[in-house]
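Just below is one structure, and these are the notes that go with it.
The values are calculated or read from the model by the stated rules, or taken from the named source; none is laboratory data. Computed from a prediction, not measured in an experiment: that's the story for all the values here. So basically every Cβ, Gly included, is an ideal-geometry build from the backbone, and we count neighbours across all protein chains shown. Just the protein is used for accessible areas: all its heavy atoms, side chains included, with ligands, DNA and RNA removed. Shrake-Rupley method; radii C 1.70, N 1.55, O 1.52, S 1.80 Å.
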Amino acid sequence: MYLLTSVSHFFDAAAFLLVLVGSFLIALFRSTAADILRAFKAFQPLLTAKPEHDGEVADRALQAVLQQTKAKGIATADRIDITFAPLFLQKAVGRLTDCRDPDDFRQWITGQLEKRKNRHQGAINFWYIVGDVAPSVAMIGTVVGLVNMFSHLSDVNSLGPSMAMAILTTLYGLCLSTLIAAPIAGRLEYLSDMEGQWWKRVADTLISSVTDELKPPVIKLPPIKTSIIED
């Protein structure tokens with residue numbers, strides 16, 4: 001019973017809502033609708049993503065594709081069953097099969113890398129914003145609590161609740177920033193970097209493959225020897 005009573009001292013609904021709602025409202029105003037949606041959808045990969053494993057699977061599938069293309073050309077790349085591979089590799093192989101210009105393929109795949117980076121960065125930035133502004137929003141509650149306390153010094157009964165609100169808002173802001181928002185942003189950034197490594201590895205390998213097959217070799221002609229005939 002004493003424990004429950006002690007824990008209840010650390011909860012103030014007004015202070016909690018001020019920090020939580022205030023921090024998220026600022027983050028909402030500083031982010032796009034797409035970034036906000038991705039920030040909350042990221043909870044699933046935050047817990048389940050395994051970029052190292054995905055990279056290993058992608059490498060195995062990529063080796064099978066390369067063996068096929070080296071033997072029979074890139075037009076036959078989709079004859080290899082890589083349905084077990086990550087979706088990005090499946091799409092890239094499908095694009096590779098229909099490729100006729102290596103520059104077009106390079107432009108497409110680098111565009112995919114850039115779009116992936118922008119999508120991930122938007123979600124990461126949202127949580128970094130929450131972490132950055134939470135302590136500042138908490139200071140608002142702290143100042144409000146102190147002002148309320150000093151304006152009612154004559155009422156001894158109001159001093160405790162006002163001081164508690166001032167301190168608890170600071171506590172909530174630090175907890176939201178340090179224990180929730182910053183770890184989420186850091187974890188998402190780590191997962192994005194790990195995934196980006198194998199995406200880049202796949203992109204470079206396929207670009208090299210399509211360039212080797214479709215790019216016409218540069219033929220260097222020997223220098224033309226000229227002779228000057230003097231009369």
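Here the relative contact order of the range 71-126, from alpha carbon pairs under 8 Å that lie six or more residues apart, stands at 30 percent. In this label model, M194 and I36 are separated by 3.0 nm, measuring between points 7 Å along each Cα→Cβ vector.
Would you mind getting the accessible area per residue of the chain, heavy atoms of the protein chains only, 1.4 Å probe, in Å²?
64 Å²
Placing unit charges on the Cβ atoms only, positive for Lys and Arg and negative for Asp and Glu, gives the range 56-97 a dipole magnitude near 180 debye about its Cα centre. Here the gap between F11 and N118, fully extended at 0.36 nm per residue and compared with their Cα-Cα distance, gives a gain of 34.7 nm. Classify the range 91-184: rounded, prolate or oblate, from the alpha-carbon gyration tensor (a ≥ b ≥ c, eigenvalue square roots; a/c under 1.5 rounded; otherwise prolate if a/b is larger than b/c)? The shape class here is prolate. Here the contact order of the range 80-216, divided by its residue count and restricted to Cα pairs under 8 Å and six or more residues apart, works out to 36 percent. Across the accessible surface of the chain, with the other protein chains kept in place and a 1.4 Å probe, carbon and sulfur atoms take up 63 percent.
Each label point was placed 7 Å from the Cα along the Cα-to-Cβ direction; for S136 and K50 their separation is 4.1 nm. Across the protein chains, with a 1.4 Å probe defining accessible surface, the residues T142, T83, T32 rank T83, T32, T142 from largest area downward.
Answer with a single label: of (i) 23.4, 74; (ii) 29.6, 122; (iii) 16.9, 53, which was calculated as Rg and Dmax of the Cα atoms in Å from the structure in view? The calculated read-out lines up with (ii). Rolled with a 1.4 Å probe across the full set of protein chains, the surface gives H53 an accessible area near 100 Å². Full extension of the chain segment joining V147 with D104 gains 9.1 nm, where the gain is 0.36 nm per residue of separation less the Cα-Cα distance.
The chymotrypsin sites (Phe, Trp or Tyr not before Pro) found in the range 43-107 that occupy coil by DSSP, while having at most 14 further C-beta atoms within 10 Å, are F84. Adding -39500 (n - 2.57) for every DSSP H run of four residues or longer, then dividing by how many residues the chain holds, sets the calculated 222 nm ellipticity at -25500 deg cm²/dmol. In this structure Y190 has an accessible area near 100 Å², from a 1.4 Å probe over the protein heavy atoms.
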